[in-house]
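Working notes, beginning with the structure itself.
The values are calculated or read from the model by the stated rules, or taken from the named source; none is laboratory data. Just so we're clear, the structure is a prediction, and the values are computed from it rather than from any experiment. Neighbour counts run over all protein chains shown; Cβ positions are idealised from the backbone, glycine included.
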Amino acid sequence: MKGLRFKVLIVIILSLCAMRYVLCEEAQEILSPRELVIRAWEAWGAKDYDRTFQYTDKCIELYSEEAKKQQAILNAFPATEAIDQYEILNAVGTSFFIQGEAYLSKGNIEEAKKVFRTAIEGYGFAQNWDPRGWFWSVKEKSKASIDKIEGKEEVKKEKPGFIRPKTEITLYDPGTEEIIDYAKYGYFKGAGTDKYRFVVKDPEGLIKAAGEGIYPNTAGVTWDPRYRIVKKEGRLEGNHWDFVNTDDLEANFYKWSQAPEPQGVRLFYTALALEKSGLFKHAIKAYYAIVVHFPKSVGWTYFHTPWYIAQVAIDRIEFLLRNHPELKMELRGAKISVENGFDNDVANDKFFVDPGRLERLGFFDSIKNRFFKNSCVRTGKVARQVGDGRVDLVQYSNGHWQLRLEGRPYIVKCVAYTPNKIGQSPDEGNLDDWMQADYNSNGRIDGPYDSWVDKNLNNKKDPDEEAVGDFELLRQMGCNTIRLYHHASNKELLRDLYNRYGIMVIMGDLLGAYTVGSGASWYEGTDYENPEHRKNMMQSARKMVEEFKDEEFVLFWMLGNENNYGVANNAKQKPASYYAFANEVSKMIKSIDRDHPVAICSGDLLFLDKFRDNAPDIDIYGSNAYRGKHGFGRNSFWENAKDMCDRPIIITEYGCPSFMKDKSREIAEDKQAEYIENAWEDIFYNSAGNKGVGNSIGGVLFEWLDEWWKSYEPALHDTESNWAGPFPDGWNYEEWLGIAGQGDGTDSPFLRQLRKAYYVYQGLWTR
């Protein structure tokens, strides 16, 4: 009776508080809808289908009616920051999807299709959180599963769509000054301090100088005759965010000039439209107006992390001027730094602003810029050496950093290499070790030695398409390093990689990322303050170093993979603890190996201040950074990193998908090639002896091959976007990041279709 009264009391309390929880009968646990889904995923992964249906049935039984109500009030996917309000809709939709996958695994095809269709028709705006860092549409994944069941080939093709003809911008009022002399219209106060501001004294004169779309002349577009025509044609209808990546640049420009956003954000996208249209001078004027008037502007990324717009505006100006010396301009002395700007809390930010000065170059300076833009600078003598082994780091008297191999400079030209077979997935527990794979049973590892290039893209091996092997293709490309994320299982293979092809290895230990090496479960997550987890990770790293420290192919050790983003670990909640533990691991490594530096791989620059304060024994800061086709940026990235933490920097991942919605294969591959070409140029420009900041030691191109498992269905080359970001059409397609593809997947893991980016990099890395 006492137990019964307790259960009744719980029900009453839950009802009174309107809590969305269920009492799990077998474990006496109170589970939320989200927790029911988590348990269902775990059960499905363990192939325990009875428990899979137990959790999903319970979720559907209790919450389907409320989920339908949430579905009914939506006419589009909710914004990322509001998605938690739709937990019930997401949980119920995902429960149907999980049931479909469970039925599919059991071979019950008709039931699988039935529940997939229920998810599509009843819960179309349900989304599921992928612990890799994004939400995906339950409806789209359910459609993909049905297509897989029915064997529809069209899902592998690019979908045709109407593309609006590209419309260039024609300025009605370009302004009276190409470079605004701001001193004529006001004065700068507190430049270089946190008290900076520009005081306008002559607003009418400044409006005339600026021209249409440039603050304070943002209303000037309404006087433009083309604006009235475009508006009458209906081309300005819709949300302004939907205009950012359209080909209708004219409508884009007019729409953003009037967008209901903070002035800094509005100006940035106005400038971007002008830049895309080739109106570089007017674009520079718009970017510089942000620096002058709105240097403290903050935007927000898809993941709701702060984006410091004026820092990026400086980078965009410098990119344009470096790549277009014919403009005969130079930005001198501009710098914006943000104290406390390495976390996600903008409330504690303190901006130090020096707008510098945008100037026209004289004849001799412009000639010098045009013909000597890639000239070297003197580094001076070695002022500091880190390490005394075969691989070391040196810092010169001018502050530049360099990685050296046996005393010779070594810039890292690296590719992330994981040539997995189509249809396999770590999510389903069937991902084979590519370092052991020999599917054709000829005694050689498949990808490295037996891959061949499908020159005519016909998805079959023609007589003139002999096996060449990835290692040889990488050598021909000029690659000198590959990145391995967590240990290695084939020493002889890597010895051959080095001895025959001259390619070295960045050897990694994930240090609890994705719970690898920590012993934690996925949903529990690695805890960097948990003694057992720490012990397991320390042993994992020690095992790696002891096994490989004497191998010539090892370039340096890499700890983690963007652990600071907090995917299946608590580094995001406790960054100081994470970096302090990583520092302990680094000290352990150095106690047994003096020949190789130790690096850490973080996500972008998040918590860089915590890294600086807690990890003094880590030699190299690695950053996974996807910042757009302009590269990474002097002010917002390279200089920011140097000011905060003066250590050598390696870009541990950068890349771009070769797929775009409603665009041809050729266009998408051109955009991919342009994006990563600019990324490498920026990496090189900021390396030792060049005109940039001098703290770059190279980069890791992500990646060699497309990975079809990234968007859940490993047998389908998914064309659904994963998350919004600075990519050619505004979206990242996780399954299309390779500079080589595997065609239609029927001859995996052997077939290679080399994309334009491969040949572009061959030119960059071998010149």
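Looking only at residues in segment 193-218 that are in contact (Cβ under 8 Å) with a residue 24 or more places away in the chain and either of a type in the set (Ser, Thr, Tyr) or in a helix (DSSP H, G or I) (or both), the one that is farthest from Ala273 (Cα to Cα) is Thr193.
Selection of segment 42-57 for residues being modelled with pLDDT under 85 and either in a helix (DSSP H, G or I) or surrounded by 22 or more Cβ atoms within 10 Å (Cβ to Cβ) (or both) yields Glu42, Ala43, Trp44, Gly45.
Being assigned to a helix (DSSP H, G or I) and either among the polar types (S, T, N, Q) or within 30 Å of the chain's Cα centre (by Cα) (or both) narrows it down to one of Arg500, Arg542, so name that one. Spell out how you get there, then give the answer.
Values: Arg500 fails: either among the polar types (S, T, N, Q) or within 30 Å of the chain's Cα centre (by Cα) (or both).
After applying the criteria, what remains is Arg542.
Report yes if Val412 is surrounded by fewer than 21 Cβ atoms within 10 Å (Cβ to Cβ), modelled with pLDDT of 95 or more and of a type in the set (Val, Ile, Thr), otherwise no. Here the answer is no, as Val412 does not meet what is asked.
Residues that are in contact (Cβ under 8 Å) with a residue 60 or more places away in the chain, under 17 Å from the mean Cα position of the chain (by Cα) and surrounded by fewer than 22 Cβ atoms within 10 Å (Cβ to Cβ) do not occur anywhere in segment 738-758. Pairs under 9 Å by beta carbon, first residue touching a residue at least 12 places away in the same chain (Cβ under 8 Å) and buried (at least 24 other Cβ atoms within 10 Å of the Cβ) in segment 677-690, partner of a type in the set (Phe, Trp, Tyr) and part of a helix (DSSP H, G or I), six or more apart or different chains? Going by the 9 Å Cβ cut-off, the qualifying pairs are Asp682/Phe319; Asp682/Phe637; Asp682/Trp638; Asn686/Phe637; Asn686/Trp638.
When the residues of segment 58-105 are filtered to those that are farther than 24 Å from Trp723 by Cβ and without any contact (Cβ under 8 Å) to a residue 12 or more places away in the chain, the one that is surrounded by the most Cβ atoms within 10 Å (Cβ to Cβ) is Glu61. Could you check segment 303-335 and list, in sequence order, the residues that are over 21 Å from Gly725 (Cβ atoms) and β-branched (Val, Ile, Thr)? Correct list: Ile317 only.
The residues of segment 545-562 that are part of a loop (DSSP other than H, G, I, E, B) and closer than 11 Å to Val391 by Cβ amount to a single one, Glu552. Taken as a whole, segment 660-674 holds no residue that is of a type outside the set (Phe, Trp, Tyr), over 18 Å from Ile739 (Cα atoms) and buried (at least 19 other Cβ atoms within 10 Å of the Cβ).
With respect to the conditions (1) at pLDDT 95 or above; (2) within 26 Å of the chain's Cα centre (by Cα), Phe188 lacks only one, and its number is (2).
If you take the residues in segment 207-239 that are of a type in the set (A, V, I, L, M) and closer than 21 Å to Phe280 by Cβ, which one is surrounded by the most Cβ atoms within 10 Å (Cβ to Cβ)? Only one residue tops the list, namely Ile214. Here Arg384 clears all of (1) part of a strand (DSSP E or B); (2) surrounded by 13 or more Cβ atoms within 10 Å (Cβ to Cβ); (3) not aromatic (Phe, Trp, Tyr) except the condition numbered (2).
Working carefully through the options Ala283, Ala289, Ala271, find the one that is among the small types (Gly, Ala, Ser), without any contact (Cβ under 8 Å) to a residue 40 or more places away in the chain and on the phi < 0 side of the Ramachandran plot.
On the way: Ala289 fails: without any contact (Cβ under 8 Å) to a residue 40 or more places away in the chain; Ala271 fails: without any contact (Cβ under 8 Å) to a residue 40 or more places away in the chain.
On inspection, the qualifying residue turns out to be Ala283.
Within segment 526-539, which residues are surrounded by fewer than 22 Cβ atoms within 10 Å (Cβ to Cβ) and part of a loop (DSSP other than H, G, I, E, B)? Residues satisfying the conditions are Asp527, Glu529, Asn530.
Only one of the numbered conditions (1) out of contact with any helix residue (DSSP H, G or I) (no Cβ under 6 Å at 6 or more places or on another chain); (2) buried (at least 20 other Cβ atoms within 10 Å of the Cβ) is violated by Asp718, and that is (1). Scanning segment 575-627 for residues that are within 23 Å of Asn732 (Cβ to Cβ) and charged (D, E, K, R) yields a count of 2. Closer than 30 Å to Leu494 by Cβ, modelled with pLDDT of 95 or more and surrounded by fewer than 17 Cβ atoms within 10 Å (Cβ to Cβ) - does that describe any residue in segment 393-404? Checking segment 393-404: not a single residue is closer than 30 Å to Leu494 by Cβ, modelled with pLDDT of 95 or more and surrounded by fewer than 17 Cβ atoms within 10 Å (Cβ to Cβ). Evaluated against (1) outside any loop (DSSP other than H, G, I, E, B); (2) at pLDDT 95 or above; (3) of a type outside the set (A, V, I, L, M, F, W, C), Tyr514 falls short on exactly one condition, (2). Within the span defined as segment 717-729, every residue fails to be under 19 Å from the mean Cα position of the chain (by Cα) and assigned to a helix (DSSP H, G or I). Residues that are more than 24 Å from the chain's Cα centre (by Cα) and surrounded by fewer than 18 Cβ atoms within 10 Å (Cβ to Cβ): does segment 288-296 have at least one? No.
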